[in-house]
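Beneath this line is the structure, given in structure tokens, with notes to follow.
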Number of protein chains: 2
Amino acid sequence: VSALSPDEFARSLRERAVERYHDRHPFHVRMHQGLLSRAELRTWVVNRFYYQTRIPIKDALILSKAEDPAFRRRWIRRLVDHDGSSEAPGGLELWLRLGEAVGVPAEELVALEHVLPAARTACDAYVELVRSASLLEAVAASLTETLAPRLLESRTAAWLEHYSWVPEEALAYFRVRVPLAERDGKEALEYVVARARTAELQQRCLAALLDKTRLLWRLLDAVAGAPAELA
Amino acid sequence: VSALSPDEFARSLRERAVERYHDRHPFHVRMHQGLLSRAELRTWVVNRFYYQTRIPIKDALILSKAEDPAFRRRWIRRLVDHDGSSEAPGGLELWLRLGEAVGVPAEELVALEHVLPAARTACDAYVELVRSASLLEAVAASLTETLAPRLLESRTAAWLEHYSWVPEEALAYFRVRVPLAERDGKEALEYVVARARTAELQQRCLAALLDKTRLLWRLLDAVAGAPAELA
């Protein structure tokens, strides 16, 4: 099998990401249609927060696999974006504000007590995928980010329209992430396309990306399947 | 066995670090006495550089073990200190300048070609120690940093006195590290003393620190034992 050209490979990665991207999950579709109850929205926020807490951990693992200081200098911004700095609150902090707005006190969110076991398993599996993957595969798994900007924009619009009981400023995370996800997705795509120059490496990258989309999907399966008293 | 008090434990950590700290290694003693040949100094710079390249990798592993964003916000500075940022060159860049000054072109240093196998093994073993350790033990292993400021200061003085063929500005790494090592060592010591509250945890921390000093020692064994044509 011969390798795909850079353009063909970039297209395949995109198709692969789209294929099972979690925007098509029935729970996510219902969210954007305005059909979720307050309790369901809260369950999503609580469980997705656990995913958010795994992002800096998997990004630190990616840093630990990188031999090139220039790569690390770029990738490290992702940790700062989520953890925050003396200059700006990070994504985790913004997510706490979202939690407060849907009725979950920050201490409760941080304690991760209400995270569903199946959601935890799905998110932990992403960290393990990254831990055991090569640097290239781990970066490929992050390429769902290329689809995030559009999804975040439509999510903000949907929440403003359908869940107007959530104050607009509580949606800061969704808005702040748009340019960051754009930058991160673009950088990661360039990296993967430039480095995966054999058919085998390309297949491995496509497989890692598929695995990642499956894990995001499983997270929503967990949320959708939550017992009624939690949802 | 009951746990040591915080003060006793801090003293034990210090004694443990001092016990086999690499400043007592015969090769290091000869360096500070001005007895190394240019070739020996070059061999040290080349092999110690490999250790320097492992630092951001082990610090990224430490980040990946930390669940607390506040801990990560502090620890991430270590990566920036070594990798550099748009504002300042990092320690690795400063080490390349040291290499140039002792006659090793940057490309050659970065290629890691002249790193001795035994030096590589010792440095890789440190990364593996951190990878397999708990967060607490990994931080404890970093406590050699508490001894670094004094060593760096005496190293600068020794080089200026005995190896005056090395221009002073090439010693920037040694100088720049003094306040950073002070800050890092202090922070790490506070963390370890606060968290290791049982005799068992304290013993594990002391063991991790001893392992670390042994690895630094082995690095110098490798350098001291280099074949004549490399030294």
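The values are calculated or read from the model by the stated rules, or taken from the named source; none is laboratory data. As the structure is a prediction and not an experimental result, all values here were calculated from the model. All Cβ positions, even for glycine, are placed from backbone atoms using ideal geometry, and neighbour counts span all protein chains on display. Please note that ligands, DNA and RNA were not included when accessible areas were found on the heavy atoms of the full protein model with its side chains. Shrake-Rupley method; radii C 1.70, N 1.55, O 1.52, S 1.80 Å.
At a 1.4 Å probe, which residues in region A:56-78 are at least 20 Å² less accessible with all protein chains present than in their chain isolated?
Flagged in region A:56-78: A:Ile57, A:Ala60, A:Leu61, A:Leu63, A:Ser64, A:Glu67, A:Pro69, A:Arg72, A:Arg73, A:Ile76.
Taking the Cα of B:Glu182, stepping 7 Å toward and past its beta carbon, and measuring to each backbone N in region B:148-175: which are under 15 Å?
Once the point is set 7 Å along Cα→Cβ of B:Glu182, B:148-154, B:174-175 turn out to lie under 15 Å by backbone N, inside region B:148-175.
What accessible area per residue, rounded to a whole number of Å², is obtained for chain B using a probe radius of 1.4 Å? The partial results should precede the final answer.
Numbers: 10090 Å² over 231 residues.
Normalised by residue count, the accessible surface of chain B is 44 Å².
Leaving ligands, DNA and RNA out of it, report the carbon-plus-sulfur percent of the accessible area of region B:53-126 at a 1.4 Å probe.
Reported share for carbon and sulfur atoms: 53 percent.
Roughly what would the spin-label model give for B:Arg197 and B:Arg24, points 7 Å off Cα along C-beta, in nm?
The two pseudo-label positions are separated by 3.3 nm.
Tell me the total accessible area that B and A bury against each other, 1.4 angstrom probe, in square angstrom rounded to 100.
When B and A are taken together, about 1500 Å² of accessible area is lost.
Starting from the Cα gyration tensor of chain B, take the square roots of the eigenvalues, sort them a ≥ b ≥ c, and report rounded, prolate or oblate (rounded when a/c is under 1.5, otherwise prolate if a/b is larger than b/c, else oblate). Could you put the intermediate results ahead of the total?
Working: a/c = 1.82, a/b = 1.56, b/c = 1.16.
Prolate is the answer for chain B, as a/c is 1.5 or above and a/b outweighs b/c.
Given a Förster distance of 30 angstrom, what is the FRET efficiency for A:Leu112 paired with B:Asp211, based on the Cβ-Cβ distance and rounded to 0.05? It would help to have the intermediate numbers written out before the result.
Numbers: r = 32 Å, r/R0 = 1.08.
Once rounded, the FRET efficiency stands at 0.40.
Quick one: what are the phi-derived ³J(HN,Hα) couplings along region B:89-103, Karplus 6.51/-1.76/1.60 with θ = phi - 60°, whole Hz, x for glycine and proline?
Result, ordered by residue: x, x, x, 5, 5, 5, 5, 4, 5, 4, x, 4, 5, 9, x Hz.
Work out the length of the dipole vector of chain B about its Cα centre, built from +1 on the beta-carbon of each Lys and Arg and -1 on the beta-carbon of each Asp and Glu, and round it to the nearest 20 debye.
About 500 debye.
When only the heavy atoms of the protein chains count and the probe is 1.4 Å, how do B:Thr121, A:Thr144 rank by accessible area, highest first?
So, going from the largest accessible area down, we get B:Thr121, A:Thr144.
Given region A:99-222, report the % of alpha carbon pairs whose separation exceeds 16 Å.
70
Give a quick list of chymotrypsin sites (Phe, Trp or Tyr not before Pro) in region A:164-231 that DSSP marks as loop, anything other than H, G, I, E or B, with at most 12 other Cβ atoms within 10 Å.
On the way: sites: A:Trp165, A:Tyr173, A:Phe174, A:Tyr191, A:Trp217; in loops: A:Trp165.
The qualifying sites are A:Trp165.
Calculate how large, on average over all directions, the projected area of the Cα convex hull of region B:151-231 is; give the answer in nm² to one decimal.
Reported value for the Cα convex hull: 7.2 nm².
Report the full-extension gain for the segment B:Ala39 to B:Glu128: residue separation times 0.36 nm, less the Cα-Cα distance, to one decimal in nm.
Working: separation 89, 0.36 × 89 = 32.04 nm, distance 3.02 nm.
Between B:Ala39 and B:Glu128, full extension yields 29.0 nm more.
Over 28 Å between C-alpha atoms is what I'm after, so list which of B:Lys186/B:Lys212; A:Lys212/B:Lys186; A:Lys186/B:Lys212 land there.
A:Lys212/B:Lys186; A:Lys186/B:Lys212
Please compute the modelled spin-label separation between A:Ala70 and B:Glu100, points set 7 Å along Cα→Cβ, answer in nm with one decimal.
Modelled inter-label distance: 1.6 nm.
Taking a cut-off of 12 Å between Cα atoms, list the aspartates and glutamates near B:Lys58, but don't count ones fewer than 8 places away on the same chain.
By straight Cα distance, B:Lys58 reaches A:Glu67, B:Asp124, B:Glu128.
Using only the Cα atoms, what convex hull volume per residue in Å³ does the protein assembly as shown have? Please report the intermediate quantities before stating the final value.
Working: hull volume 74.2 nm³, N = 462.
With only Cα atoms used, the protein assembly as shown gives 161 Å³ per residue.
Hey, rough spin-label estimate for A:Arg77 and A:Thr121, points 7 angstrom out along Cα→Cβ, what's it come to in nanometres?
3.8
Just by accessible area at a 1.4 angstrom probe, what is the order of A:Glu145, A:Glu19 from largest to smallest?
Highest to lowest solvent-accessible surface, that is A:Glu19, A:Glu145.
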